[in-house]
Amino acid sequence: MSRARRLLFSGGSVVEADGVSRADVLVEGETITAVGTLADIADAEQIDARGMLVLPGAVDVHTHLDTPFMGTVTSDDHITGSIAALAGGTTTYVDFAFQQPGERLPETLEAWHTKARNRSVADYSFHLAIADPYDGFLDDLPIVVADGSPSIKVFMAYKGLAMLDDGQLYDVLRASSRLGANVCIHAENGHLIDALGREVVATGRTGPLGHLLTRPPMTEVEAVRRAIAIADLADAPVYFVHLSTGGAAQALAEAQERGRPISGETCTHYLLLGDDEYHRPGFEAAKYVVSPPLRGVDDRAAMWRALRAGTIGVVSSDHCPFCFAGQKELGHDDFRKIPNGAPGVEHRLPLLYGHGVRAKRLELSEMVRVACTEPAKAFGLHPRKGTLRPGSDADVVVLDPDGSTVVMASTQHQRSDYTPFERWSVPGRIRGVWRRGEHVVDRGRFIGGAGGGTFVPRRPVT
Ligand code: URP
Ligand code: ZN
Ligand code: ZN
């Protein structure tokens, strides 16, 4: 029997969530087999990582690929979205299988397997997003868990599209916690947003600034506190997606202080972009219509603090890409019809390094914790993913701290005609990405073959 191909990343600074060390990383086939001082490994192809940072492949637990939403479909499918992910150092993503009206939950999951199978070039897994709770939908949850997708997203916003009421939220929490599935909550008060929307439009204000005006911070904070109270009653854990406010971080801190299993994520855009974007002239601000909206400087600072403290454990991209032309434009006459979301999977890790670590907002190991290790732990992918340990998948990113990147729509892999970070100059440059031992990105260029990503089934973690 022939021996598995060997690769040796030698002499780099290996960054893990618990520290940085000068070490070599040996890969045999698809797996890391040793980390340490490993001179003279016979037959190993050497990758000279001197002067480089060697990171675990990043894990993005919040993407929306090929997803029908708000009257259109997200502009990246599992081919283009996964190439963009790899180009940005993300070797594993967890996509939201988004239930369509009239669909049973197992059908939704099957549809997502079909979208991704033999198409994705990165490894992937699924959450199940409930948008249409039909009679008996809870009885189908065990099938979702058995599929290897033990995490459910529910919405407290998007009234008339996906919003559940408090009773339904309680039911999902009870049923999920019995099954060991994690519930991911989109916490915004949909009733208030709806009422504010009617009020603002009645004054004749229909442009994108209305998105900000109708989703003030309290609409998130109230929903987070209500969801925590309902989770207490249901005795269930909760993972809050895309948190944007200091008030929400405070609510999580209080619940954690009480010993409750309450966790959450924020996103790259809530850390780095501000609500001043909604004052751009004309319809340009539609590019920044994401939910919750971008916030002010104090909330941004609170997000960085919550990450460092560990109150918020994860940074995701909430990659929900649309094109400005033809898609964002659907809301030209009414901001409530602008598809919510923006591209981001490609730039999450580079921005966290360039504008997090290099701007002294995060330590290197904290970056790996929030972008790689903790997302993998939160959703049952660790230690296969999110770490550089013997036995882990050989998902490896080599980052050159002396390089730099300029983010531009014209050069990105994400299939969108814009990026919210247009012309941002980002210190650091990804030199190479390996997915389970295969070299798939070289200096920004995807060099892998078609398909090649694999579904990673997850076990319940709670
Ligand atoms: O604006 C956002 N977040 N779009 C994606 C859908 C969601 O709520 O995550
Ligand atoms: Zn959401
Ligand atoms: Zn999302």
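The values are calculated or read from the model by the stated rules, or taken from the named source; none is laboratory data. Computed from a predicted structure; not experimentally measured. Here Cβ is always computed from backbone atoms with ideal geometry, including for glycine, and neighbour counts include all displayed protein chains. To get the accessible areas, we keep the full protein, side chains included, count just its heavy atoms, and leave off ligands, DNA and RNA. Shrake-Rupley method; radii C 1.70, N 1.55, O 1.52, S 1.80 Å.
Which members of region 170-197 meet the condition of being farther than 18 Å from Asp232 by Cβ, open to solvent by 20 Å² or more (accessible area, probe 1.4 Å) and either in contact (Cβ under 8 Å) with a residue 40 or more places away in the chain or part of a strand (DSSP E or B) (or both)?
Matches in region 170-197: Leu179 only.
Quick check, is Ala97 within 16 Å of ligand 2 (Cβ to nearest atom), under 22 Å from the mean Cα position of the chain (by Cα) and open to solvent by less than 40 Å² (accessible area, probe 1.4 Å)?
Judged against the criteria, Ala97 is a match.
Specify which of the listed residues (Ile79, Ile41) is closer than 30 Å to Pro427 by Cα, surrounded by fewer than 24 Cβ atoms within 10 Å (Cβ to Cβ) and out of contact with any Gly (no Cβ under 6 Å at 6 or more places or on another chain).
Ile79 is the lone residue from the list that is closer than 30 Å to Pro427 by Cα, surrounded by fewer than 24 Cβ atoms within 10 Å (Cβ to Cβ) and out of contact with any Gly (no Cβ under 6 Å at 6 or more places or on another chain).
Table: residues versus (1) open to solvent by 40 Å² or more (accessible area, probe 1.4 Å); (2) in a loop (DSSP other than H, G, I, E, B); (3) in contact (Cβ under 8 Å) with a residue 40 or more places away in the chain; (4) touching a helix residue (DSSP H, G or I) at 6+ places or on another chain (Cβ under 8 Å).
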{"residue": "Val370", "(1), (2), (3), (4)": "no, no, yes, yes"}
{"residue": "Leu399", "(1), (2), (3), (4)": "no, no, yes, yes"}
{"residue": "Ser404", "(1), (2), (3), (4)": "yes, no, yes, yes"}
{"residue": "Met408", "(1), (2), (3), (4)": "yes, yes, no, no"}
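Would you call Leu65 within 16 Å of ligand 2 (Cβ to nearest atom), under 18 Å from the mean Cα position of the chain (by Cα), outside any helix (DSSP H, G or I) and of a type in the set (A, V, I, L, M, F, W, C)? Write out each step before concluding.
Values: within 16 Å of ligand 2 (Cβ to nearest atom): yes; under 18 Å from the mean Cα position of the chain (by Cα): yes; outside any helix (DSSP H, G or I): yes; of a type in the set (A, V, I, L, M, F, W, C): yes.
Yes; evaluated as a whole, the condition is true for this residue.
So which of Asp171, Asp194 is farther than 30 Å from Gly282 by Cβ and charged (D, E, K, R)? Reasoning before the result, please.
Numbers: Asp194 fails: farther than 30 Å from Gly282 by Cβ.
Of Asp171, Asp194, the one residue that is farther than 30 Å from Gly282 by Cβ and charged (D, E, K, R) is Asp171.
Going by the structure shown, is Gly167 open to solvent by 10 Å² or more (accessible area, probe 1.4 Å) and assigned to a loop (DSSP other than H, G, I, E, B)?
no
Conditions tested, residue by residue: (1) within 16 Å of ligand 2 (Cβ to nearest atom); (2) open to solvent by 50 Å² or more (accessible area, probe 1.4 Å).
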residue	(1), (2)
Gly246	no, no
Ala249	no, no
Gly259	no, yes
Thr266	yes, no
Ser291	yes, no
Ala301	no, no
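Kindly state which helices (runs of 4 or more DSSP H) lie completely within region 225-317 and contain at least 1 residues that are more than 22 Å from the chain's Cα centre (by Cα).
Correct list: 246-257, 297-309.
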